[in-house]
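A quick write-up on the structure given underneath.
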């Protein structure tokens, strides 16, 4: 009896150790799997939405307090670092051009024939009165470079099954501390995104809709950006035409193209 | 009797010198502090009225709610109609339009690229019509460090320090970049006609002053204005009068169903000036109260000392048959005379120092470098007619109260013990 009594606690201890190791290993494995999985999802979304080069003709519908305005533009981009936008309509904006090269932004005004480089607090200003800031446009790093991600849950959004991902900044200079992204499980397209400050305050909300298959990719042709600190219905970004991986002349992404 | 007491006061200086000095100092200090408070707070209110709030300001309700953000997208439309309405309905005030705007000043190099830039807070005033009185009201001409006020479209005045920072000279070109009323990007090139220094950090920091017609064109604000400011034609802010004007206007034109309907705010209702004005009044009253209280205690003590020194005198007077009440009231009358002399001296010294503080002032510019409040960078006292009585009455009262408290001791003297006391 005594022997059994002595052996049992030892056995129990061993079992406890083994269980603990298994639990830690399993938890670690699950965690690892989840990190990879969340990152994989983001990478897949990135592959789906982005391409090496893109040309987009779009309407930006700004819902103001007094009236709505539609601004048409043609944008060229190469990866995340280079982009060039020319405003086509209305007449007030026609000929205004914007060039982004890495972390620098220039705006050209045809009325004054001036090119102005924006920096500092001006980058936080709204673009054309929309709910988007220049800073939003300047974001040129991949989400996986800036955020630690994990899958929070699976949710149904507009009858679509989605993963709800939580992205928390791992770099100090991220514009938003936290992002919540709802990704369509089948089409790898984000359907909703919420952007938060470090204090937890919801700053911006983006809703994607009109998802269509273009050149074998699922792409949201309408995005509504809403600055949660402003009243109103936000800004709609409607894609009218899009080309993936077109050839874009190198000189487009140069300051010389602003004055042309 | 008065002549007799006066002779006593003048001849027996040990009886009167200390109370007179104390009263004169107290009165002088009260007058100085009161003049300084009134001057400093008055300057703050005056600068706010001239530069920002007007005696009243008309804006849309939506604009008023977010006015710190200068939301020109919520500006008042049909401005000329509203100006006509205001001129007709409230002729006792002068009405002027103003537009504030924020953005970036960009200085080009010879190739048109950015050489220097900085954030700016612009103000558009009616400079060209010559009827608005803005030049005089804002003291623009006198505040110019170099150059002249804009006379033609496309000319602007820029803050002197801002101009130095951007290395700008008169006649140089600058480009304003900002947003129109509709949110579009706007670019406008101005020539610098002058540089200015108002002496108010919030105004001098990145200041850009242009004519309102240029701003309306630049910001797509045709017949629209951010603010309509009203000034009483007397030039003096009268809270009761502006309250009545604002109440009548708001009851008639402010609609709860339309956030773009106009709302009239009085000076007190803007920039937290209500609390500032109340604070000035409370502080002024507090100074006088503390002065009367402290002086009464000090003079009570002085009276007690005087009473002790004049113990024998009162004893003899009582022994000679003078009534206690008679002695008491002669002391009070004497206190009135001493109080009057001290207060006269204090009322001469106080306004004298106040005048010096009015001319010299206290430079607080180093504390205001990052301030967004409209405050003068030199706080000055102000000599006003009320300073000639504000300390005088409390000065006399303090002396009288002090003596009345000290004099109570006379009633504790017993006639039976007088001769025994006088033998000592």
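The values are calculated or read from the model by the stated rules, or taken from the named source; none is laboratory data. Remember, predicted model here, so these are calculated numbers, not experimental data. Positions of Cβ are backbone-derived with ideal geometry, glycine not excepted, and every protein chain shown enters the neighbour counts.
Is it fair to say residue A:166 is under 24 Å from residue A:78 (Cβ atoms) and away from every other protein chain (no Cβ under 11 Å)? It is false that residue A:166 is under 24 Å from residue A:78 (Cβ atoms) and away from every other protein chain (no Cβ under 11 Å). Does any residue of region A:24-38 turn out to be modelled with pLDDT under 90, loosely packed, with under 13 Cβ neighbours inside 10 Å and within 14 Å of chain B (Cβ to nearest Cβ)? Scanning region A:24-38 turns up no residue that is modelled with pLDDT under 90, loosely packed, with under 13 Cβ neighbours inside 10 Å and within 14 Å of chain B (Cβ to nearest Cβ). Only a single item in (1) within 17 Å of the chain's Cα centre (by Cα); (2) over 28 Å from residue B:181 (Cα atoms) is not met by residue A:160, and it is number (1). Scanning region B:107-122 finds no residues that are more than 29 Å from residue A:113 (Cα to Cα) and either at pLDDT below 95 or more than 30 Å from the chain's Cα centre (by Cα) (or both). Scanning region B:169-181 for residues that are surrounded by fewer than 20 Cβ atoms within 10 Å (Cβ to Cβ) and either outside the structural domain of residue B:116 (by TED's automatic domain parsing) or not in a strand (DSSP E or B) (or both) yields B:169, B:170, B:171, B:172, B:180. Of the residues making up region A:98-124, those that are within 11 Å of chain B (Cβ to nearest Cβ) and crowded, with 19+ Cβ neighbours inside 10 Å are A:98, A:107, A:108, A:109, A:112, A:114, A:115, A:116, A:118, A:122. Looking at region B:295-403, none of the helices (runs of 4 or more DSSP H) lying wholly inside it contains 3 or more residues that are outside the structural domain of residue B:26 (by TED's automatic domain parsing) and modelled with pLDDT under 80. Out of B:173, B:155, I need the residue that is within 14 Å of chain A (Cβ to nearest Cβ) and in contact (Cβ under 8 Å) with a residue 40 or more places away in the chain. Which one? Just a single option satisfies the conditions, and that option is B:173. Taking the residues in region A:64-97 that are buried (at least 21 other Cβ atoms within 10 Å of the Cβ) and within 11 Å of another protein chain (Cβ to nearest Cβ) as candidates, determine which candidate is farthest from residue A:243 (Cα to Cα). Step by step, filter region A:64-97, then rank; the result is A:96.
Cβ-Cβ contacts under 6 Å between residues 6 or more apart (or on different chains), taken from a first residue in region B:232-261 that is free of Cβ contacts under 8 Å to residues at least 12 places away in the same chain to a second residue that is assigned to a loop (DSSP other than H, G, I, E, B), are listed as B:255/B:261.
Yes or no: residue B:237 farther than 27 Å from residue A:66 by Cα, in contact with a strand residue (DSSP E or B) (Cβ under 7 Å, 6 or more places away or on another chain) and outside any helix (DSSP H, G or I)? Let's see the steps before the verdict.
On the way: farther than 27 Å from residue A:66 by Cα: yes; in contact with a strand residue (DSSP E or B) (Cβ under 7 Å, 6 or more places away or on another chain): no; outside any helix (DSSP H, G or I): yes.
So residue B:237 does not fit the description; no.
One residue alone among A:195, A:229 is without any contact (Cβ under 8 Å) to a residue 24 or more places away in the chain, touching a strand residue (DSSP E or B) at 6+ places or on another chain (Cβ under 7 Å) and under 25 Å from residue A:64 (Cα atoms), and that residue is A:195. Yes or no: residue B:101 farther than 30 Å from residue A:129 by Cα and either touching a helix residue (DSSP H, G or I) at 6+ places or on another chain (Cβ under 8 Å) or assigned by TED's automatic domain parsing to the domain that holds residue B:391 (or both)? Judged against the criteria, residue B:101 is not a match.
With respect to residue A:221, is the statement that it is in a loop (DSSP other than H, G, I, E, B) and either at pLDDT 90 or above or within 14 Å of chain B (Cβ to nearest Cβ) (or both) true? Walk me through how you get there before you give the answer.
Details: in a loop (DSSP other than H, G, I, E, B): no; either at pLDDT 90 or above or within 14 Å of chain B (Cβ to nearest Cβ) (or both): yes.
Taking the combined requirement at face value, the residue does not satisfy it.
Here residue B:42 meets the list (1) surrounded by 22 or more Cβ atoms within 10 Å (Cβ to Cβ); (2) at pLDDT below 85; (3) out of contact with any helix residue (DSSP H, G or I) (no Cβ under 6 Å at 6 or more places or on another chain) almost entirely, failing just condition (1).
Of the residues B:183, B:199, B:230, the single one that is touching a strand residue (DSSP E or B) at 6+ places or on another chain (Cβ under 8 Å), closer than 23 Å to residue B:117 by Cα and more than 12 Å from every other protein chain (Cβ to nearest Cβ) is B:199.
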